[in-house]
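The values are calculated or read from the model by the stated rules, or taken from the named source; none is laboratory data. In this text the structure is predicted, and so the values were computed from the model without any measurement. Neighbour counts run over all protein chains shown; Cβ positions are idealised from the backbone, glycine included.
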Amino acid sequence: MPTPDPAVPYETAAPAPDALPGALPLLSMPASRARDARPGITAASPQELISWFADRGEAAFRARQLADHVWSGRATAFADIHTLPAELREALSDSYRFDTLTQTERRQTDAGLTDKALHVLDDGRVTESVVMRYPARGSRRERTTLCISSQAGCAVGCPFCATGELGLWRDLDASEIIDQARYWRGQLAAEGRRITNIVFMGMGEPLLNADAVLTACAALSDGNRFGLGQRHISVSTSGVVPGIERLTALRRQYTLAVSLHAARPPLRDVLVPLNRRYPVHDVVAAASTYAEVTGRRVTYEMVMIDGINDTAADAQAAAALLRDRLAHVNLIPMNPVAHTPWQPSSAQRVEDFAATLRASGLHVTVRRNRGADIGAACGQLAAERAGQPVAAAVARRREIIERRSAAALLEGAAVNGAAAQGRRSQPSGRA
Ligand code: SAH
Ligand code: SF4
């Protein structure tokens with residue numbers, strides 16, 4: 001392996017610790033420090049807290065007193081919980097961290113409607129969350145959507161995604177996930193707002209960190225803890241089939257969003273490298289079972305990239321794949337990111353694509369890419385902080401992406417050509 005050049009600190013000299021085949025991470029995260037061994041208090045279940053107090057000869061009502069302060073936002077440290085005796089407060093802070101996100105940088109965009117936060121973790125790694133405020137419109141009530149992260153970085157390496165540039169550095173603990181929501185609840189309370197929806201569309205692949213994500217979902221949707229309805233929590237996945245099956249077996253009402261991006265396997269291999277492990281047909285089959293078992297419509301996300309996945313053939317392939325399923329399709333023009341050669345599709349292309357899907361009876365929403373739309377916003381601050389990779393590395397990566405996508409498009413053209421040829425050679429006037 002070549003020795004990394006210390007003058008170029010941010011080019012990933014070695015592959016990220018857990019990159020998937022096909023991923024081409026380009027940047028690296030800030031240096032790591034040793035982790036704090038104490039778990040965060042927000043991930044402790046009510047039963048765990050009752051046992052913790054019982055071990056110290058204390059009654060179960062103490063757990064309730066503690067939880068009230070943990071979830072109400074009134075306390076910022078165990079020391080603030082004066083309903084508990086001082087020795088219990090000290091013992092708690094020996095066992096748990098009150099907050100796992102003690103250092104957060106903020107940036108506001110969209111005339112104050114969008115707020116991004118970069119959270120520095122105990123070991124110096126970073127992760128991001130974004131708040132989007134949607135004012136009331138007509139009969140629609142005001143909404144506040146929080147986009148949270150499940151990992152620091154991501155191993156999947158989709159080449160249009162800022163997080164994909166970073167590779168995976170580590171999973172977040174359940175408390176690091178929950179504390180993003182608790183942080184924003186406190187911040188938004190000051191403006192008289194409350195979070196109406198939480199979406200796992202920040203950094204990371206939630207279903208590759210399913211234990212922590214499902215623990216977080218349970219806390220976030222528990223009426224005695226964070227208290228958001230299950231239907232207001234969306235788990236977005238690039239297609240981890242065993243994770244979707246696990247979610248189905250839970251029989252909760254969470255919204256499942258699948259990042260489809262392409263229906264044709266060769267192109268999806270390029271856009272979502274996880275497709276090589278879990279092929280798109282298996283992903284859609286697993287998501288359809290989720291819809292049947294839970295009665296919840298699955299959302300399919302498609303980031304629209306000019307000349308790459310927005311062709312008529314791609315629209316037809318997506319329509320054929322999703323037709324007759326309990327599905328809603330979101331088309332989102334790609335938000336340009338620093339190190340890809342690609343641009344968003346034109347508004348006309350996106351409308352044409354939507355029309356093909358609608359003609360197959362599918363529900364489609366075309367989302368505006370509002371500077372900081374969900375997902376695109378996440379990963380960008382961390383990527384910025386990681387600095388500029390050397391130009392040669394960017395050029396090399398762009399060239400590989402372009403080569404792979406051109407090959408996938410050619411393969412698509414060959415398949416379409418053969419199909420057209422087949423149609424032409426069919427005898428007319430079949431029974
Ligand atoms: N890893 C999960 C969840 C995080 S990504 C997943 O892929 O589903 C959340 C969403 O943001 C995904 O649908 C992803 O495709 C989208 N996204 C990523 N980069 C984007 C970009 N440059 N423009 C628009 N959407 C993007
Ligand atoms: Fe990971 Fe999702 Fe970004 Fe793909 S789009 S690299 S799965 S965070």
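Spot the failing condition for Leu247; the list is (1) buried (at least 23 other Cβ atoms within 10 Å of the Cβ); (2) farther than 30 Å from Ala181 by Cβ, and only one is missed. Against the list (1) buried (at least 23 other Cβ atoms within 10 Å of the Cβ); (2) farther than 30 Å from Ala181 by Cβ, Leu247 comes up short only on (2).
For region 212-229, the condition holds for at least one residue, the condition being that it is crowded, with 19+ Cβ neighbours inside 10 Å and within 16 Å of ligand 2 (Cβ to nearest atom).
Please find, within region 250-270, the residue that is surrounded by the fewest Cβ atoms within 10 Å (Cβ to Cβ) out of those that are within 14 Å of ligand 2 (Cβ to nearest atom) and either modelled with pLDDT under 95 or of a type in the set (Val, Ile, Thr) (or both). Walk me through how you get there before you give the answer.
In the first step, residues of region 250-270 are kept if they are within 14 Å of ligand 2 (Cβ to nearest atom); the result is 257-262, 268-270.
Filter again for either modelled with pLDDT under 95 or of a type in the set (Val, Ile, Thr) (or both), leaving 258, 270.
On the way: Val258: 24, Val270: 26.
For region 250-270, the residue satisfying everything is Val258.
In this structure, is Val415 modelled with pLDDT under 80 and in a helix (DSSP H, G or I)? Steps first, please.
Working: modelled with pLDDT under 80: yes; in a helix (DSSP H, G or I): yes.
Taking the combined requirement at face value, the residue satisfies it.
Taken over region 250-268, the residue count meeting the criterion of being at negative phi, within 15 Å of ligand 1 (Cβ to nearest atom) and not in a strand (DSSP E or B) is 6.
Before we move on, is Val293 away from ligand 2 (no atom under 16 Å from the Cβ) and surrounded by 22 or more Cβ atoms within 10 Å (Cβ to Cβ)? No: the conditions fail for Val293. Tell me, which residue of region 48-69 that is among the acidic types (Asp, Glu) and in a helix (DSSP H, G or I) is farthest from Arg89 (Cα to Cα)? By that ranking, first place goes to Glu48. Candidates are the residues of region 215-236 that are without any contact (Cβ under 8 Å) to a residue 40 or more places away in the chain and within 15 Å of ligand 1 (Cβ to nearest atom); the one that is farthest from Arg297 (Cα to Cα) is Cys217.
Does Leu208 count as within 16 Å of ligand 2 (Cβ to nearest atom), within 12 Å of the chain's Cα centre (by Cα) and at pLDDT 95 or above?
So Leu208 fits the description; yes.
For a quick check of your reading of the model, give me the residue pairs whose first member lies in region 285-309 and is more than 16 Å from Thr255 (Cα to Cα), whose second is among the basic types (Lys, Arg), with beta-carbon atoms closer than 9 Å and at least 6 apart or on different chains. Taking only residues 6 or more apart or on different chains, the pairs are Met304/Arg349; Asp306/Arg349; Gly307/Arg349; Asn309/Arg264; Asn309/Arg268.
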